[in-house]
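Everything on this sheet refers to the single structure shown next.
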Amino acid sequence: MQLTLSILYSTALWACHVSAIPLPQSGTGADSCDSEPLTEDTWISLNIDQFLTDWTPNVTQAETNNVQALADSFGSPNFFCGIDQFCNAGQPCLPVKLPAWYALMGYHRSNPGGIYEQLEGGRFLGSAQNFTQSELQAKMIDSFKTYSIGLALQAQKIFIARFSGVNPEEDSCKDAEQASNLCQDDENGVYTRYVLVKVDGKGNMDPQIDIADKIINKYGFSKEKVLVEPTKCFDKNGGKQVMDDFGDFIPIEPNTLCLYNVAVCDGSKLDECRENGANV
């Protein structure tokens, strides 16, 4: 059976997309084998897409590792990739000749999964997707900020009260313009109301308008993030309060679900909510 492009490019380019660090461009493999800069322009100017289109019909499909089969056809039979295997294309012409060498540069630490769309056009080459130190630092700061805001609300026993099946025409949604209140259409004509609240001295739910407004306007959270996102985390974890699977490491992506996390109570059943572990 012959390989199609979608079968051929059956590896994940995760490492290349995250790092996107250009490799040596001076062609040190052989004196007569200088490589071009590792950029999308090089990929396009050398028409490597067409080269692979013409080459792959002559490669016999393997049962388990089409990447290694492709590399073997290029003259590199020991090109093995995987979660714990680092495949290295080496230098140009040692052993893989150009332009095939450019294709193998896209397979570092990869698994079967179909990544032709990432390879096509050479989008993985170059440094356009690098994270600079300042960008990485900014993400880390945003991530810690997001996590800390959730912890601060938990410490003050502030939580999300969620009311399902409300009528937007009735009083339950009249304060939806406030920062602490949101009525959201569930796309079936049924609305859900979310309120950031704290139990006052009389046992009533007191909307935390000023705090919600500060989180939105000072820290740049959207209203949906403040009021809805914790409920998605709550539902994802089977109704367990303020749960996450981060372990000892906080995700660097500030929009990771459950990074901003507070307790959730469905309706006004505070006793039931407390029985389920909510510190409210």
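Brief remarks follow.
- Condition check for Ser172: over 16 Å from Gly267 (Cβ atoms) and surrounded by fewer than 18 Cβ atoms within 10 Å (Cβ to Cβ): no
- Taken over segment 70-84, the criterion of being modelled with pLDDT of 70 or more, among the small types (Gly, Ala, Ser) and surrounded by fewer than 19 Cβ atoms within 10 Å (Cβ to Cβ) is satisfied by Ser73, Gly75.
- Qualifying residue in segment 142-160 (condition: touching a strand residue (DSSP E or B) at 6+ places or on another chain (Cβ under 8 Å), in the same structural domain as Leu270 (by TED's automatic domain parsing) and on the phi > 0 side of the Ramachandran plot): yes
- Of the residues screened, Lys225 is one that is within 17 Å of Lys145 (Cβ to Cβ), surrounded by 15 or more Cβ atoms within 10 Å (Cβ to Cβ) and among the basic types (Lys, Arg).
- All positions within segment 169-184 that are within 29 Å of Tyr219 (Cα to Cα) and not basic (Lys, Arg): Ser172, Cys173, Asp175, Ala176, Glu177, Gln178, Ala179, Ser180, Asn181, Leu182, Cys183, Gln184
- Test: residue in segment 186-208 that is in a helix (DSSP H, G or I) and small (Gly, Ala, Ser): no
- Scanning segment 172-207 for residues that are in contact with a strand residue (DSSP E or B) (Cβ under 8 Å, 6 or more places away or on another chain), modelled with pLDDT under 85 and not small (Gly, Ala, Ser) turns up Cys173, Asp175, Asp186, Val190.
- Residue within segment 189-196 that is touching a residue at least 24 places away in the same chain (Cβ under 8 Å), more than 15 Å from Phe159 (Cβ to Cβ) and buried (at least 16 other Cβ atoms within 10 Å of the Cβ) present: yes
- Qualifying residue in segment 35-48 (condition: modelled with pLDDT of 80 or more, in contact with a Pro (Cβ under 7 Å, 6 or more places away or on another chain), assigned to a loop (DSSP other than H, G, I, E, B) and of a type in the set (A, V, I, L, M, F, W, C)): yes
- Test: residue in segment 155-163 that is crowded, with 18+ Cβ neighbours inside 10 Å, among the small types (Gly, Ala, Ser) and modelled with pLDDT of 90 or more: yes
- All of (1) at pLDDT 65 or above; (2) buried (at least 16 other Cβ atoms within 10 Å of the Cβ) hold for Thr60 with one exception: (2).
The values are calculated or read from the model by the stated rules, or taken from the named source; none is laboratory data. Predicted model only: the values in this text are computed from it and were never measured. Note that we place each Cβ from the backbone using ideal geometry, even for glycine, and neighbour counts take in every protein chain shown.
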